[in-house]
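Chemist: Once you've had a glance at the structure underneath, I'll fire off some questions.
The values are calculated or read from the model by the stated rules, or taken from the named source; none is laboratory data. Predicted model only: the values in this text are computed from it and were never measured. Cβ sites come from the backbone with ideal geometry, for glycine too, and all protein chains shown count toward neighbours.
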Amino acid sequence: MRIVRTLTVYCESFGCQMNAYDTDGIGALLEGCGHRIVGSPDAADCIIVNTCSVREHAEQRAIGRLLDLSRHREAVIVVCGCMAQRMGARLFDLVPAVKVVAGTDSYFLLPEAISNAVDNGERSVFIELGGSSVIETMPEKHEGPVSRYVAITRGCENYCSYCIVPYLRGKVRSRSVRSIMEEVDGLAESGAREVTLLGQNVIAFRDGSIGFGELARKVLDETPIRRLRFLTSHPRDVGADVFELMAAEKRFCSHIHLPVQAGSNRILEAMNRGYSRETYLAKVRMARSIVPDIAITTDIIVGFPSETDADFRETIDLVREAGFDAAFTFQYSPRSGTAASLLADDVPAETKKERLHALNSVVMEKRANMLGAQVGATAEILLDGAAQKGEYRFLKGRTPQFRNVLVPRENLREGDMVLVVLRRLANFTFEGEVVAER
Ligand code: SAH
Ligand code: SF4
Ligand code: F3S
């Protein structure tokens, strides 16, 4: 590939952790070609926006942002990610300033497409799915924060009836164990202390005889990483082996994100989730019996087609019973092409809003209870950044359960691990008193 000159490139990421990871990879790829990543769109030669399509609102935000960025007239605007995959060339009409549209498996084509756009004003669209080169050889960025993501699978074949992801990310492809290990090693060498293994459903990972449990064990045994996390696991697939490893290995953090989506069996069935409320709650009990200090977080959708007040009450009851540390809650948004989009979106907008509101207050009440019970406890935290913009007296850390803790900065630094007593809880964040450094 012939690089004519060094371009300044600004990247922005919407959507999930997989997108954040891909955005870093795209940045590293372009840096590898001699370009320079900059922190602001002002004066950038190229602006890359990695987008999300999971709900209509996510797309509206991305379009709004692209229109806003279009005022940088000299810059070549590139749209990547799920909305690029879904809309393809239609994006040229929606946002005329866009020059390159690159779907979820085409990032390797970006350097050349960007050069062509900058040099000749050429437009291009790449939305073919199934490319495997992306997944093995996406270059990682060897600097930056202490907590990093590593994708282990791409794609999803679960076809939950509401979800657009399988159509935009393609079939499940697992990365090779070797390239995952190399990436984790590289990140550890460059200062990462914690790694989160990423996949739409990490439990679907398989490379020969190695499944997710074996992979996690290998990362713990054979890399110097101090903490391991994972995101997301499907409640139907996660088994005792993962929890047993968590119980045995302190570095395998006691936290699982286990999206339940709904509490009524009729709705779960219509969502094609592959488990019932009873089997979900049985998994929660299994998790807590094997890993007594585990924190469980979840995702929930309200207002799925035909959801009645009684169905919704079952979701509320489930939230009370399961004891989540936190929940991401969403109003159902029909996505064209999904099975659920053929059903009438018959829960009125007002009802969806009310249900979301009611759900959030129960989620918050439970969250306060779950966290409140920890006041006075001792926890090991990894310091992963400044507390807040402008608040330099404190550093922020996370417990293995992914709970937020602030500690006085004093002589501590990002990347340190310290033992703290959780003294006070305010805005769902603990104040920690450091009792030992690790
Ligand atoms: N792969 C992950 C996350 C998928 S998207 C998983 O399977 O858990 C993240 C969350 O967005 C989902 O868990 C779901 O709660 C929500 N979501 C997905 N599609 C949606 C839709 N059409 N409307 C509203 N929320 C949706
Ligand atoms: Fe979407 Fe379901 Fe796959 Fe998650 S498991 S990405 S919700 S289809
Ligand atoms: Fe969004 Fe695509 Fe992630 S739709 S949630 S960016 S997989």
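Chemist: Can you find even one residue in the stretch 397-405 that is of a type in the set (G, A, S) and surrounded by fewer than 19 Cβ atoms within 10 Å (Cβ to Cβ)?
Modeler: First pass over the stretch 397-405, keeping only residues of a type in the set (G, A, S): 397.
Now narrow it down to the ones that are surrounded by fewer than 19 Cβ atoms within 10 Å (Cβ to Cβ): none.
The answer is no; no qualifying residue exists.
Chemist: Turning to a different aspect of this structure: Just give me the residues in the stretch 153-181 being part of a helix (DSSP H, G or I), surrounded by fewer than 18 Cβ atoms within 10 Å (Cβ to Cβ) and of a type in the set (S, T, Y), in sequence order.
Modeler: S179
Chemist: Please state which one of L382, L359, L342, L419 is modelled with pLDDT of 95 or more, in the same structural domain as P166 (by TED's automatic domain parsing) and within 28 Å of I294 (Cα to Cα). So that I can check it myself, show each step before the final result.
Modeler: Details: L382 fails: in the same structural domain as P166 (by TED's automatic domain parsing); L342 fails: within 28 Å of I294 (Cα to Cα); L419 fails: in the same structural domain as P166 (by TED's automatic domain parsing).
That would be L359, the only listed residue that is modelled with pLDDT of 95 or more, in the same structural domain as P166 (by TED's automatic domain parsing) and within 28 Å of I294 (Cα to Cα).
Chemist: Are any residues in the stretch 297-335 outside any helix (DSSP H, G or I), within 17 Å of P348 (Cβ to Cβ) and away from ligand 3 (no atom under 16 Å from the Cβ), and if so, which ones?
Modeler: Here is the first cut: in the stretch 297-335, the ones outside any helix (DSSP H, G or I) are 297-308, 323-335.
Subset that is within 17 Å of P348 (Cβ to Cβ): 301-308, 330-334.
Selection gives V302, G303, F304, P305, S306, E307, T308.
Chemist: Follow-up. Say whether the condition of being among the charged types (D, E, K, R), within 19 Å of P166 (Cα to Cα) and surrounded by fewer than 19 Cβ atoms within 10 Å (Cβ to Cβ) is met by at least one residue in the stretch 56-77.
Modeler: Keep residues of the stretch 56-77 that are among the charged types (D, E, K, R), which gives 56, 59, 61, 65, 68, 71, 73-74.
Restricting the remaining residues to those that are within 19 Å of P166 (Cα to Cα) gives 56, 59.
Still in the running and surrounded by fewer than 19 Cβ atoms within 10 Å (Cβ to Cβ): 56.
Within the stretch 56-77, one or more residues are among the charged types (D, E, K, R), within 19 Å of P166 (Cα to Cα) and surrounded by fewer than 19 Cβ atoms within 10 Å (Cβ to Cβ).
Chemist: Still on this model: Over 18 Å from the mean Cα position of the chain (by Cα) and in the same structural domain as A340 (by TED's automatic domain parsing), is that true of E194? Spell out the reasoning first.
Modeler: Working: over 18 Å from the mean Cα position of the chain (by Cα): no; in the same structural domain as A340 (by TED's automatic domain parsing): yes.
In short, no.
Chemist: If I ask for residues that are in a helix (DSSP H, G or I) and within 18 Å of the chain's Cα centre (by Cα), which ones from the stretch 62-84 would you list? Before you say what the answer is, go through the steps one by one.
Modeler: Keep residues of the stretch 62-84 that are in a helix (DSSP H, G or I), which gives 62-69, 81-84.
Result: A62, G81, C82, M83.
Chemist: Pairs please, first residue from the stretch 44-64 and without any contact (Cβ under 8 Å) to a residue 40 or more places away in the chain and over 13 Å from V100 (Cβ atoms), second anywhere and within 16 Å of ligand 1 (Cβ to nearest atom) and basic (K, R), Cβ atoms under 6 Å, 6+ apart in sequence or on different chains.
Modeler: Close Cβ pairs (under 6 Å, with a partner that is within 16 Å of ligand 1 (Cβ to nearest atom) and basic (K, R)) do not exist here.
Chemist: OK, next. I'm checking my understanding of the structure. Among residues of the stretch 342-358 that are surrounded by fewer than 20 Cβ atoms within 10 Å (Cβ to Cβ) and in contact (Cβ under 8 Å) with a residue 40 or more places away in the chain, which one is nearest to E157 (Cα to Cα)?
Modeler: Step by step, filter the stretch 342-358, then rank; the result is L343.
Chemist: Right, next: For the stretch 48-81, name all the residues that are in contact with an Asp or Glu (Cβ under 9 Å, 6 or more places away or on another chain) and either farther than 20 Å from I127 by Cβ or within 16 Å of ligand 1 (Cβ to nearest atom) (or both). Talk me through it step by step, then tell me what you get.
Modeler: Filtering the stretch 48-81 down to residues in contact with an Asp or Glu (Cβ under 9 Å, 6 or more places away or on another chain) leaves 48-53, 65, 69, 72, 74-76, 80-81.
Hits for the stretch 48-81 are N50, T51, C52, S53, R65, L69, H72, E74, A75, G81.
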